[in-house]
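Some notes on the structure that comes next.
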């Protein structure tokens with residue numbers, strides 16, 4: 001795994017993205033030079049030409065990313081990949097065409113032809129990537145030690161995420177009490193590890209035992225590590241591969257003595273400065289949009305334009321959150337606020353569109369400026385919901401260690417939360433964010449949020 005923006009990406013996926021970046025910034029300049037040589041008899045470039053190439057290349061790469069061409073699950077399916085690649089190139093062509101009409105000076109010679117040549121190169125790289133992932137020849141032989149829930153989750157990840165480059169050869173444990181997925185073979189009890197290593201070539205060992213007392217073969221694992229094999233803890237592998245903390249299987253000591261969960265004062269200062277700066281700029285940019293939204297709400301239904309609701313913030317302290325009203329006035333009067341369901345009758349006609357594209361969240365920029373919220377952080381809930389979840393979900397109160405955010409890691413990684421299981425998974429993402437909090441991760445979340453907003457993903 002490669003660490004970027006305080007999160008982790010498979011080496012193969014990083015290599016795929018780097019290869020496509022190389023193709024983009026090789027083909028586009030070559031096409032521009034050939035086009036200029038054919039029309040003007042010269043193949044020279046200048047600073048403006050490099051700027052045009054950079055703009056066209058970044059638009060192309062952004063469209064490839066926003067079509068999930070690097071997302072686990074999509075990058076391993078050839079038919080899905082082909083459709084999304086064509087869609088990305090089509091969107092890039094349309095964006096460039098509009099850009100060149102509005103700003104003719106930005107026009108790059110042969111840009112549209114270059115984009116589709118980039119598509120041919122990207123298709124070749126992606127199909128090579130698929131062939132690599134479907135072959136075990138270049139995958140590391142991996143042995144899992146354990147037979148419980150964590151071991152089952154680790155094996156499921158290895159089987160479903162071929163881009164990780166791991167080949168699951170089996171696990172050690174008691175088959176009678178294990179719940180391994182995909183019929184992974186049990187190679188014997190934990191005590192047989194030394195013999196298994198002699199009989200089967202293993203390159204990686206993942207320790208995912210629920211009970212290690214008097215069972216963990218420490219000396220053998222140490223010898224393997226000294227011999228150059230990768231020995232990894234199951235919870236660590238789960239965190240790196242999924243971007244979330246395994247809250248239902250980890251021990252509290254793993255959180256206490258592990259890395260992370262510590263934010264320096266300097267980092268807090270930079271995070272606050274970034275939140276205020278971006279919130280101020282966003283208010284200036286979106287003021288006309290907010291005025292139009294307010295007018296649409298006022299014309300659509302009776303009631304206040306701004307909806308106020310008490311939420312739980314940092315250290316469990318309540319604060320007033322501001323949103324554009326998306327429900328009929330008094331829809332939840334006399335009862336606790338309920339999560340929004342698909343096709344919820346409480347939501348107004350304008351509210352449906354506001355919630356889909358998250359425009360109802362814009363007044364929270366004021367909450368950011370007042371200090372009750374940050375730009376990025378765990379999503380705040382109403383008091384009765386927070387207290388109920390804190391009673392039913394272990395470690396839930398740890399979410400309150402960070403200032404709540406208008407967007408967050410959980411929001412860009414998964415959809416709307418309505419059930420207890422949804423909130424358990426959401427907590428897993430929130431704890432990952434708190435553990436790895438950094439300016440780089442915040443910027444990555446903001447970048448992913450733009451995609452979520454424009455695509456209308458996960459809104460209700």
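Please enumerate the residues belonging to the range 242-274 that are touching a strand residue (DSSP E or B) at 6+ places or on another chain (Cβ under 8 Å) and either on the phi > 0 side of the Ramachandran plot or in the same structural domain as residue 205 (by TED's automatic domain parsing) (or both).
Selection gives 243 alone.
So that you can scan it fast, the table gives a plain yes or no per residue for (1) surrounded by fewer than 21 Cβ atoms within 10 Å (Cβ to Cβ); (2) in contact (Cβ under 8 Å) with a residue 24 or more places away in the chain; (3) farther than 30 Å from residue 234 by Cβ:
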residue	(1), (2), (3)
124	yes, no, yes
135	yes, no, no
161	yes, yes, no
172	no, yes, no
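Only one of these conditions is not met by residue 304: (1) at pLDDT below 90; (2) more than 26 Å from residue 278 (Cβ to Cβ). Which number is it?
(1)
For the range 181-199: of the residues being within 28 Å of residue 129 (Cβ to Cβ) and surrounded by 12 or more Cβ atoms within 10 Å (Cβ to Cβ), which is modelled with the lowest pLDDT?
Here the answer is 181.
How many of the residues in the range 140-158 are farther than 21 Å from residue 251 by Cβ and at pLDDT below 90?
The total comes to 0.
Restricting to the range 404-445, what's the tally of residues that are out of contact with any strand residue (DSSP E or B) (no Cβ under 7 Å at 6 or more places or on another chain), in a helix (DSSP H, G or I) and either buried (at least 16 other Cβ atoms within 10 Å of the Cβ) or in contact (Cβ under 8 Å) with a residue 40 or more places away in the chain (or both)?
Residues in the range 404-445 being out of contact with any strand residue (DSSP E or B) (no Cβ under 7 Å at 6 or more places or on another chain), in a helix (DSSP H, G or I) and either buried (at least 16 other Cβ atoms within 10 Å of the Cβ) or in contact (Cβ under 8 Å) with a residue 40 or more places away in the chain (or both): 21 in total.
The values are calculated or read from the model by the stated rules, or taken from the named source; none is laboratory data. Treat the numbers as computed from the prediction; the structure is a model and nothing was measured. When we count neighbours, we look across all protein chains shown, and the Cβ atoms used for this are built from the backbone with ideal geometry, even at glycine.
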